[in-house]
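Data block below; observations after.
What follows draws every value from the coordinates through simple rules; no lab data is involved. Everything numeric in this text was worked out from a predicted model, so none of it was measured. Using ideal geometry, Cβ is built from the backbone for each residue, glycine included, and neighbour counts are taken over all protein chains shown.
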Amino acid sequence: MEYATRVSFRYNSLALLVEERCDEHLIKRSYDKHGLICSLQSSLESQLSYGRNEYGELVFFRAGEAETNASFTSEHQYDSLGFELVRLLLGGVSQSFSYDNIGRLVNSKIHRSAE
């Protein structure tokens with residue numbers, strides 16, 4: 001049994017992937033003026049959104065699926081040097097990060113609030 005699949009890619013003038021096609025399925029990406037991804041949309045009704053601060057750091061990520069109305073959101077917090085300190089996830093789950101004095105990740109802990 002043979003399967004013929006057609007895959008194609010389209011890039012913008014900055015060589016960033018903006019369209020990815022596999023047979024009848026399509027994924028589209030959009031970027032901000034700095035070339036950082038802003039959104040991703042799938043022909044399978046999935047939508048991803050990325051929010052960033054003025055330094056380009058990810059401050060939230062949202063994923064949604066239209067058919068089941070399911071969604072996921074994460075929030076991210078950084079220190080003044082741009083190191084991620086906390087990642088807040090669904091269900092009261094958070095992840096914290098610690099760094100040494102030269103910026104190497106030395107500890108990461110996952111917490112769950114008592115809701």
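Qualifying chymotrypsin sites (Phe, Trp or Tyr not before Pro) in the range 1-43, where qualification requires a DSSP coil assignment and no more than 12 other C-beta atoms within 10 Å, comprise TYR3. Excluding ILE37 itself, calculate the net charge of residues whose Cβ lies under 12 Å from the Cβ of ILE37, where each Lys or Arg counts +1 and each Asp or Glu counts -1. Once positives and negatives cancel, what remains is +2.
Assuming charge only on the beta carbon of Lys and Arg (+1) and of Asp and Glu (-1), the dipole of the range 52-115 about its Cα centre is about 180 debye to the nearest 20.
In order along the range 94-108, the Karplus-derived 3J(HN,Hα) couplings, from 6.51 cos²θ - 1.76 cosθ + 1.60 at θ = phi - 60°, round to 9, 10, 10, 10, 10, 10, 7, 6, 10, x, 7, 5, 10, 7, 9 Hz, and Gly and Pro are given as x.
In sequence order, the range 24-37 has phi-based couplings of 8, 8, 9, 10, 10, 10, 10, 10, 7, 5, 9, x, 8, 5 Hz under the Karplus curve 6.51 cos²θ - 1.76 cosθ + 1.60, θ = phi - 60°, and Gly or Pro positions carry x.
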